[in-house]
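Notes to accompany the following structure.
The values are calculated or read from the model by the stated rules, or taken from the named source; none is laboratory data. Keep in mind that what you see is a predicted model, and the values were worked out from it rather than measured. Note: ideal-geometry Cβ built from the backbone for every residue, glycine included; neighbour counts use all protein chains shown.
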Amino acid sequence: MAREKRPQKVSPKLRFQLAAFILAAGLAAVLYGNPFGGKSGEPEAPAASVATLKPYAVGAVQNFVAAREPLPLEAIEFVDGDGNPLTLADFKGRVVLLNLWATWCAPCREEMPALDALQAEVGSDDFLVLALSLDRGGIEKPRDFLEEIEIKHLALYHDKTGRMGTRLGAFGLPTTLLIGRDGKSLGRLVGPAHWDDPDAVALVRAAVGVDKAEEAAASAADG
């Protein structure tokens, strides 16, 4: 007669790993829609945006992931170099590349000159690189760093609480979000990138172009 097998106990370590996986999957579902193929009740990102941007996620920006659902970001709060309070709503009407960084993050420091070069090349009334420091405390540390490496085209923006990264689902730095004119996320890239590379420039120009086309189509429909 075969012995009845007793159920194996799940180790605390395995329980922790399972809990971490479930949490990560839940966060992914909130930020990008259900990663397992189902649909949430939120509207999906404009099909044209996703279809247009996906082919540009190559080379230097191959880790860029287009958003499946728009994530409203207008309420994100921070200050400029003079201490004036701002939100992303103040930049509505422009495509924004929001880079979350800190002076203690070595990859963040390394990619800053490339972001400065991207702003110099593509920055306009249609596009802005917004490098948001998450350094805790005063603004002096990020200000001194940007001056030290002679950043000339990026303005200083700071979140002294450091909490915006968590609110935006950035669990590592640098994290960079591409935001449309409507203040909603088009996608993100986790980790450093060569933002002055032609691949990155092409991605940004594509985002600006598709946003313009959709804005014109919406205006025509309203008219």
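Rundown of residues vs (1) assigned by TED's automatic domain parsing to the domain that holds Ser185; (2) surrounded by fewer than 22 Cβ atoms within 10 Å (Cβ to Cβ); (3) of a type in the set (Gly, Ala, Ser), yes/no style:
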{"position": "Lys92", "(1), (2), (3)": "yes, yes, no"}
{"position": "Leu98", "(1), (2), (3)": "yes, no, no"}
{"position": "Leu115", "(1), (2), (3)": "yes, no, no"}
{"position": "Asp126", "(1), (2), (3)": "yes, yes, no"}
{"position": "Ala131", "(1), (2), (3)": "yes, no, yes"}
{"position": "Ile139", "(1), (2), (3)": "yes, yes, no"}
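Regarding region 144-155, can at least one residue be identified that is in contact with a His (Cβ under 7 Å, 6 or more places away or on another chain) and either in the same structural domain as Leu98 (by TED's automatic domain parsing) or touching a residue at least 12 places away in the same chain (Cβ under 8 Å) (or both)? Within region 144-155 (the criterion being in contact with a His (Cβ under 7 Å, 6 or more places away or on another chain) and either in the same structural domain as Leu98 (by TED's automatic domain parsing) or touching a residue at least 12 places away in the same chain (Cβ under 8 Å) (or both)), the answer is no, since none of the residues qualifies.
Any residue in region 178-191 that is hydroxyl-bearing (Ser, Thr, Tyr), surrounded by 18 or more Cβ atoms within 10 Å (Cβ to Cβ) and closer than 25 Å to Lys54 by Cβ? Can you show your working first?
Our first condition is that a residue be hydroxyl-bearing (Ser, Thr, Tyr); within region 178-191, this holds for 185.
From the residues that got through so far, the ones that are surrounded by 18 or more Cβ atoms within 10 Å (Cβ to Cβ) too are 185.
When the remaining residues are screened for being closer than 25 Å to Lys54 by Cβ, the result is 185.
Checked region 178-191: at least one residue is hydroxyl-bearing (Ser, Thr, Tyr), surrounded by 18 or more Cβ atoms within 10 Å (Cβ to Cβ) and closer than 25 Å to Lys54 by Cβ.
Is one or more of the residues making up region 85-94 under 21 Å from Ala200 (Cα atoms) and β-branched (Val, Ile, Thr)? Checking region 85-94: not a single residue is under 21 Å from Ala200 (Cα atoms) and β-branched (Val, Ile, Thr). Among the residues of region 92-109, is any closer than 15 Å to Lys184 by Cα and touching a Gly at 6+ places or on another chain (Cβ under 7 Å)? Yes, there is a match, as at least one residue in region 92-109 is closer than 15 Å to Lys184 by Cα and touching a Gly at 6+ places or on another chain (Cβ under 7 Å).
Within region 152-163, can you find the residues that are within 26 Å of Val122 (Cα to Cα) and surrounded by fewer than 19 Cβ atoms within 10 Å (Cβ to Cβ)?
We begin by selecting, within region 152-163, every residue within 26 Å of Val122 (Cα to Cα); these are 152-159.
Selection gives Lys152, His153, Ala155, Leu156, Tyr157.
In region 62-83, what count of residues is obtained for those that are buried (at least 16 other Cβ atoms within 10 Å of the Cβ) and part of a loop (DSSP other than H, G, I, E, B)? Adding up the residues that qualify gives 8. Of the set (1) out of contact with any helix residue (DSSP H, G or I) (no Cβ under 6 Å at 6 or more places or on another chain); (2) touching a residue at least 40 places away in the same chain (Cβ under 8 Å), all apply to Asn84 but (2). Of all residues in region 188-209, those that are assigned by TED's automatic domain parsing to the domain that holds Arg94 and in contact (Cβ under 8 Å) with a residue 24 or more places away in the chain have Cβ atoms under 6 Å from Cβ atoms of residues that are polar (S, T, N, Q) and surrounded by 19 or more Cβ atoms within 10 Å (Cβ to Cβ), 6 or more apart or on another chain, in Leu189/Thr176; Val190/Thr175; Ala206/Thr52.
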